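Peer 1: Here you go, one structure.
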4 protein chains.
Amino acid sequence: MFRKTFGFLVQIDRNISNVHSRSNSNVAFIGLGQMGARMVENLIKNGQKPRVYDIIPAAASTIQGATPCSSPEEAVDGADIIITMLPNGQIVKDTVSRILKAVPKNAILCDSSTTGPQVARELSKVAKDSNIRFLDTPVSGGVVGAQAGTLCFMVGGSQKDCQEAEPVLLKMGKKVLYCGESGAGQITKLCNNLILGVTMIGTCEAMNLGVKLGLDPKLLTDVVNVSTGRSWSSDTYNPVPGVMENVPASKNYEGGFSVELIAKDLGLASDAALSINAPIPLAAMSHQLFRTLMTYHLGKKDFGVVYKFLEGQALKQ
Amino acid sequence: MFRKTFGFLVQIDRNISNVHSRSNSNVAFIGLGQMGARMVENLIKNGQKPRVYDIIPAAASTIQGATPCSSPEEAVDGADIIITMLPNGQIVKDTVSRILKAVPKNAILCDSSTTGPQVARELSKVAKDSNIRFLDTPVSGGVVGAQAGTLCFMVGGSQKDCQEAEPVLLKMGKKVLYCGESGAGQITKLCNNLILGVTMIGTCEAMNLGVKLGLDPKLLTDVVNVSTGRSWSSDTYNPVPGVMENVPASKNYEGGFSVELIAKDLGLASDAALSINAPIPLAAMSHQLFRTLMTYHLGKKDFGVVYKFLEGQALKQ
Amino acid sequence: MFRKTFGFLVQIDRNISNVHSRSNSNVAFIGLGQMGARMVENLIKNGQKPRVYDIIPAAASTIQGATPCSSPEEAVDGADIIITMLPNGQIVKDTVSRILKAVPKNAILCDSSTTGPQVARELSKVAKDSNIRFLDTPVSGGVVGAQAGTLCFMVGGSQKDCQEAEPVLLKMGKKVLYCGESGAGQITKLCNNLILGVTMIGTCEAMNLGVKLGLDPKLLTDVVNVSTGRSWSSDTYNPVPGVMENVPASKNYEGGFSVELIAKDLGLASDAALSINAPIPLAAMSHQLFRTLMTYHLGKKDFGVVYKFLEGQALKQ
Amino acid sequence: MFRKTFGFLVQIDRNISNVHSRSNSNVAFIGLGQMGARMVENLIKNGQKPRVYDIIPAAASTIQGATPCSSPEEAVDGADIIITMLPNGQIVKDTVSRILKAVPKNAILCDSSTTGPQVARELSKVAKDSNIRFLDTPVSGGVVGAQAGTLCFMVGGSQKDCQEAEPVLLKMGKKVLYCGESGAGQITKLCNNLILGVTMIGTCEAMNLGVKLGLDPKLLTDVVNVSTGRSWSSDTYNPVPGVMENVPASKNYEGGFSVELIAKDLGLASDAALSINAPIPLAAMSHQLFRTLMTYHLGKKDFGVVYKFLEGQALKQ
């Protein structure tokens, strides 16, 4: 899927020997939900023995090969790299403020939660005040990517710190994209997902229109995919049941990127847009549409379910 | 940019020897505007000597290698393939009704204008009643594609007729995509352009948001293009000045796909959606946004100028 | 509900003796659907003996006091005032072109159908070419107003013709509002209904938001109705069940102004806006929302049913 | 403008003798901006001698008849009723937490700032923990109403406390509307202003459409105001220049309810809607539209300036 070589990736490769290798780092991991548990399993597969913590003790104790800890402070003891993967910004802030004193100086704290740029910047400052390095490292790829170890990390903070953390991150993912200073990882993720939400709905509108007017959806998809309407939403994750195999649309919209997660990301993008007064008309409307689906109890379905909504088939009670 | 082989293209290739070859057809071409004149030049380059007509006589008489005609009836005299490329559906309908008696029986009438499916179906019926074969053959690629001979033809009508017309169409373009029965070419074009309009605006919203929050637009583009936000609008036609060379955004939004043309297509898509009550919320909002730009005299600019509008820089008077 | 005296109404009253009185006119009425049949009944109650026609013969023959006719040409024979009340502009155009030769010179043709300004202007011209006077006289008030004889007529055309037709129109309604030259009645109706559609949805959004946050809907309505959010949609036709008696919202959204009729009017308003490139972003979005409800088979419900849609209760299958 | 007697207002009147009269209360007022300074002047006109504080000392010292204080703690000393009128929720929270210990027990703290329901509920709890009574008392009426003493207070909290504070509030306004428990005043204000923002834009769309199609704006307004499109935005605050005298639209959109204030309120309404997942599609689009105007430096203009934006005349640089 890569079509060009990134300057900064090359840069990272060239300099990798100049920085302290973290591939055998002591890793702490806090937050073992749907994403975190799978990420930890990949760390273990790739030779790490992370110390792990979750607010639900059983989540930590059942992971083979990890050291379960009874508090986040205990988990970060002796760590070089600390990764947090938590539900929202407030929980990340509470957790970081709790562990700050226990984190070894010179450790790198990587927050892979999706929190928005403001939280990332606050945390970076708080960490710096305690002489701890902080990176915002949100991911794309979802639960499927977390399980397969194919996540993409979008990183904000010091580029040197990014290089240092990269070997550990690559044990859980396939790409580490350096995006700029603190908060840039979060911003990049929100911008990408803003496009994603809008493009998916636009694709659903056109596919529904074409099918209702008599087109074969596979044929329409084939044409769009060699034309100017082409996108990831049409060529990799088509929302029409039966057009592609092994995508959520062909599995009753189960197991993909949920409506409530894209709605969460569009909400964070809205907050970010509000902070600098950037108009986002289509993203705002997309946000409303996804939230309307949540009102009808479709929040757990893959976000391509917009196709069924437009078709007049989605909203049963 | 092709990523897969299309079943129907293969089909066309296999059967091509079974049908009467039209590569040395007598061609008539009606409508020599920005698009039509360039398409005719490619026909001539590829060995045709078309009979041509335009309502403005000079448009016909100045094309070297063509036979200028003083009426559309004269142009179609003796033609095997007749191509119309006209501003809107009403003009196409008026022209077709005028020439019907003069068109040789068994000729194929290819309308490459963008008219919407209803006009295409009406014309198909009218032509059939006169024993003339009709194909709707709208194009993508714009003026640039017309000049370069790289247009893509989306074809509705009989598949056999499509195969017969294909050799001539390929003298003006690089792809002939058979889309289904009469009107299917028009529907396919509208569906594609609906996605295009929505995706472009979504991309502009995200790029503006990211840049205003401090991201480098090239870096953001690089990440989006390997992520789920990827689309033709981001990886081939990026709307931010300076991110890509040789796209309208880097040439003051001159010379591309104009705001008023995408607005026209979204208007036709709205009519088609209305006819079958298919909701198109984002396309409707996109239509409004493009029309707002027209209100501010930006209708001739490339449609990526939405980026400047969102940035707060577009609307001068 | 009147708060000011209209100059033009006073004008009409003052001059009424100067023009030929039409209160004992010979009236023809074409189109006896939900609206037309009730309007005719009020004509009869008020002393007229109209000649009537409908494409369904039984619709004409069952109205006591009217003269049923077997063709529109027969109906207009000898008429001074001809009123048409038909489903859409195409049918009006077909009907008018059919009856033109049969209409007595100097008669006034009043089209009360909702057709948009373009059709009104075309008809005005066609009528004028046959020396027949034409007024566009669309109504507000719906089936309830038609039955009660409380319709409001919005009139475009010659003001003198309006004065002449007024006595007859007032037998079916309570207000005749002169709006300007030909088409102005249609434009006025579309503008009013555009506001109506948008305001109703905004009111539904706020009422749903307030109620879900714990407010009493009657109390919220009382405050809004003495505040800047006040409108006909809140103080006369409140969309929340139980807030007001005798409105559709309190009768399961039965019997009011249907979703499909407001959607039709917003579609005509969109066409009119497109013709002069006037942006209507909220009206366009409202149009989409009403059409989404139609996709879920709610087209016959009163348009306040948007409240139930937002509440998460409307869309059963 | 009142059309009905409110049960709860009557209730307040009947019981007013049962509660301690506060018409001669000791009043403290914190926050002397555009709104606050004018409210204080009306308190003084009506016989109060308030103790006042603002972060800018000159704001307090220049009000004749008030006692300027050098800290908020000093201002609340001995007060029965404390009124805060501050720019946003965070400042209110900071101020309240600072003064809590200095506020006399049994005093009533009235926050007239627009903060949203969540802040109101937090403050109510914080106050209660210190045995202080709290009311959220946001206002409608703007700077004009503050100056004229015609504000409307929307009150959340204990109804008995509302009755007790009412005599003081009525020295700055003409209406005190009890809306329900803590936060209800804020919710009511946001709901009202949500309708207001949407209805104003819808009215602007229709007026622009009608005028561009040739209608006289006064005539169109007259018809709308006796029809179903009637609202405060059309009959009291018409956005078309020249239709009404003494409204901002006729004074170059100066001196009214600013674009940035309605945008702020729509932002708070969005947050509230997000908290309970209530869809607000038109309000979200309205929010975007007002924010787009801010991008073009129109944030200080009256919000009816949307009319000029749609007309194609607003956005100069």
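Peer 1: What span do the alpha-carbon atoms of the protein assembly as shown cover on each of the three principal axes, reported in whole Å from largest to smallest?
Peer 2: 90, 83, 51
Peer 1: Averaging sequence separations of C-alpha pairs under 8 Å and six or more residues apart, then dividing by the length of chain B, give the relative contact order as a whole percent.
Peer 2: Values: 585 pairs, mean separation 41.1, N = 317.
Computed value for chain B: 13 percent relative contact order.
Peer 1: Put B:Asp265, C:Asp129, C:Asp271 in order of accessible area, largest first, 1.4 Å probe: what do you get?
Peer 2: Working: B:Asp265 10, C:Asp129 110, C:Asp271 80 Å².
Result of the area sort, largest leading: C:Asp129, C:Asp271, B:Asp265.
Peer 1: Under 11 Å from the Cβ of B:Val223, count the other residues' Cβ atoms, weight Lys and Arg +1, Asp and Glu -1, and hand me the total.
Peer 2: On the way: positive: A:Lys175, A:Lys189, B:Lys218, B:Arg230; negative: B:Asp216, B:Asp222.
So the surrounding residues net to +2.
Peer 1: Using protein heavy atoms only (no ligands, DNA or RNA), what is the total accessible area buried between A and D, 1.4 Å probe, nearest 100 Å²?
Peer 2: Working: alone 15590 and 15590 Å², together 29820 Å².
Accessible area lost upon association: around 1400 Å².
Peer 1: Output the antiparallel fraction of DSSP beta bridges having both residues in chain D, as a percent to the nearest 5. Write down the numbers at each step before the final one.
Peer 2: Values: 4 of 27 bridges.
Here the antiparallel bridges make up roughly 15 percent for chain D.
Peer 1: Right, another one. Which of the pairs C:Lys174/C:Lys218; B:Lys301/C:Lys189; D:Lys93/D:Lys300; D:Lys189/D:Lys300 have their Cα atoms more than 28 Å apart in this structure? Don't jump to the answer; show the numbers that get you there.
Peer 2: Numbers: C:Lys174/C:Lys218 30 Å; B:Lys301/C:Lys189 35 Å; D:Lys93/D:Lys300 26 Å; D:Lys189/D:Lys300 21 Å.
In this structure, C:Lys174/C:Lys218; B:Lys301/C:Lys189 exceed 28 Å between Cα atoms.
Peer 1: Report, for the protein assembly as shown, the % of DSSP beta bridges that are antiparallel, rounded to 5. Working shown, then result.
Peer 2: On the way: 18 of 110 bridges.
The answer is about 15 percent antiparallel.
Peer 1: Same structure, new question: Relative contact order, percent, of region C:110-177 when contacts are C-alpha pairs under 8 Å separated by at least 6 residues? Mind dumping the intermediate values first?
Peer 2: Working: 92 pairs, mean separation 19.5, N = 68.
Relative CO of region C:110-177 lands at 29 percent.
Peer 1: First check a/c for region D:7-181, with a ≥ b ≥ c the square roots of the eigenvalues of its C-alpha gyration tensor; if it is under 1.5, answer rounded, and if not, answer prolate when a/b is larger than b/c or oblate otherwise.
Peer 2: Working: a/c = 1.38, a/b = 1.15, b/c = 1.20.
Because its axes are fairly even, with a/c under 1.5, region D:7-181 counts as rounded.
Peer 1: Once you place label points 7 Å from the Cα toward the Cβ at D:Gln34 and C:Asn46, how far apart are they in nm?
Peer 2: Between D:Gln34 and C:Asn46, the simple spin-label model gives 5.0 nm.
Peer 1: For chain B, what is the Kirkwood estimate of the hydrodynamic radius, computed as the reciprocal of the mean inverse distance between distinct Cα atoms, to one decimal in Å?
Peer 2: Numbers: mean 1/r = 0.0487 Å⁻¹.
The answer is 20.5 Å.
Peer 1: Ordered shortest first, which distances in nm separate the 7 Å Cα→C-beta label point of B:Lys251 from those of the other copies?
Peer 2: 4.6, 5.1, 6.4
Peer 1: Whole Å is fine, so just give me how far the alpha carbon centre of region B:214-280 lies from that of region A:202-271.
Peer 2: 18 Å
Peer 1: Let me ask you something else. For label points placed 7 Å from Cα toward Cβ, what is the shortest-first list of nm distances from D:Ser130 to its copies?
Peer 2: 3.0, 8.2, 8.7
Peer 1: Give me the net charge for the shell around D:Leu135: Cβ to Cβ below 11 angstrom, other residues only, Lys and Arg +1, Asp and Glu -1.
Peer 2: Numbers: positive: D:Arg133, D:Lys160; negative: D:Asp111, D:Asp136, D:Asp161, D:Glu164, D:Glu166, D:Glu181.
Here the count lands on -4.
Peer 1: Measuring from the lowest to the highest alpha carbon on each principal axis, how far does region C:188-311 reach, largest first, in angstroms?
Peer 2: That works out to 44, 32, 24 Å along the principal axes.
Peer 1: Ignoring ligands, DNA and RNA, please state the percent of accessible area on the protein assembly as shown from carbon and sulfur, probe 1.4 Å. It would help to have the intermediate numbers written out before the result.
Peer 2: Working: 23620 of 46130 Å².
The C+S portion of the solvent-accessible surface of the protein assembly as shown is 51 percent.
Peer 1: Where does the charge balance sit around A:Gly116 when Lys and Arg score +1, Asp and Glu -1, over other residues with C-beta under 11 Å from its C-beta?
Peer 2: Numbers: positive: A:Arg121, A:Lys189, A:Lys264; negative: A:Glu122, A:Asp136, A:Asp265, A:Asp271.
Local charge sum for A:Gly116: -1.
Peer 1: OK, next. Relative contact order for region C:7-181: what is it in percent, counting Cα pairs under 8 Å that are at least 6 residues apart? Numbers along the way, then the final one.
Peer 2: Values: 358 pairs, mean separation 37.4, N = 175.
For region C:7-181, the relative contact order is 21 percent.
Peer 1: Find every distance from the label point of A:Glu73 to the corresponding label point in the other copies (7 Å from Cα along Cα→Cβ) and write them in nm, one decimal, shortest first.
Peer 2: 3.3, 9.8, 10.0
Peer 1: Further, regarding this structure: For the rotation taking A to D, I'd like to know which residue in chain A has the C-beta closest to the axis, plus that distance in Å.
Peer 2: Output: A:Ala284, 2.
Peer 1: Then there is this: Would you kindly derive the ³J(HN,Hα) couplings of region B:226-243 from the backbone phi angles with the Karplus curve 6.51 cos²θ - 1.76 cosθ + 1.60 (θ = phi - 60°), listing them in order in whole Hz, with x for Gly and Pro?
Peer 2: For region B:226-243, the Karplus-derived couplings read 10, 10, 6, x, 4, 7, 4, 5, 9, 9, 10, 9, 4, x, 9, x, x, 6 Hz, x marking Gly and Pro.
Peer 1: Please give the per residue accessible area of chain B, computed with a probe of 1.4 Å over protein heavy atoms only, in Å². Before the final figure, lay out the partial values.
Peer 2: On the way: 11530 Å² over 317 residues.
Per residue, chain B has 36 Å² of solvent-accessible surface.
Peer 1: Tell me, which longest segment in chain D has none of the trypsin sites (Lys or Arg not before Pro) that fall in DSSP loops with at most 11 further Cβ atoms within 10 Å? Spell out each step's value before the answer.
Peer 2: On the way: sites that count: D:Arg3, D:Lys4, D:Lys105, D:Lys316.
Longest site-free region, per DSSP loop and neighbour criteria: D:106-315.
The values are calculated or read from the model by the stated rules, or taken from the named source; none is laboratory data. The model shown is predicted, which means the values in this text are computed figures rather than measured ones. Counting neighbours? That spans all protein chains shown, and the Cβs are built from the backbone with ideal geometry, glycine included. For the accessible areas, the whole protein counts, side chains as well, though only heavy atoms, and no ligand, DNA or RNA atoms are used. Shrake-Rupley method; radii C 1.70, N 1.55, O 1.52, S 1.80 Å.
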